[in-house]
1. For the peptides 42-50, 58-66, what is the packing order when you average, over each peptide's residues, the other Cβ atoms within 10 Å and list the highest mean first?
2. Label-point separation (nm) for residue 36 and residue 68, each offset 7 Å from Cα along Cα-to-Cβ?
3. Multiplying the sequence separation of residue 85 and residue 51 by 0.36 nm and subtracting their Cα-Cα distance, what value in nm do you get?
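Where a number appears in this text, it was derived from the coordinates with a stated rule and is not lab data. Since this is a predicted model, take the numbers as computed values, not measurements. As a convention, Cβ positions derive from the backbone with ideal geometry for all residues, glycine included, and neighbour counts pool all protein chains shown.
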Amino acid sequence: MSQPLIRNALRLAAAGCLFAAGLVMLCLPIRSTRDHSPAALAVYFGGEGESPGVFYDRDFDFPTGYYYFEIPIWLLDLGLIGSSAALLVALSVATPGCDEQPVQGAV
């Protein structure tokens, strides 16, 4: 008997979050290569004719008045891994009796 669609969807979402967390951990290390301090991801919204962008572990200052925010890489990793764990818990709670075998024959 096939599993319900909700279980497959949650399993796919959890696998996607784990893949994203692994990709972020592989491509964006937590420690900076310059000075071994915690690295951050700066999201810049653009200003005065410049395009918005995302900068990993930037080593420059934005001019005064520019809008940006920084996300520590460890927080990004923690968020992705935490959402994967939450999806796996939701997977077990949403479909409690999925693995039961159907009764064969007359009841």
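1. On the way: 42-50: 12.1, 58-66: 9.6.
The packing order, highest mean first, is 42-50, 58-66.
2. 2.6
3. Numbers: separation 34, 0.36 × 34 = 12.24 nm, distance 3.56 nm.
Result for the pair: 8.7 nm of gain on full extension.
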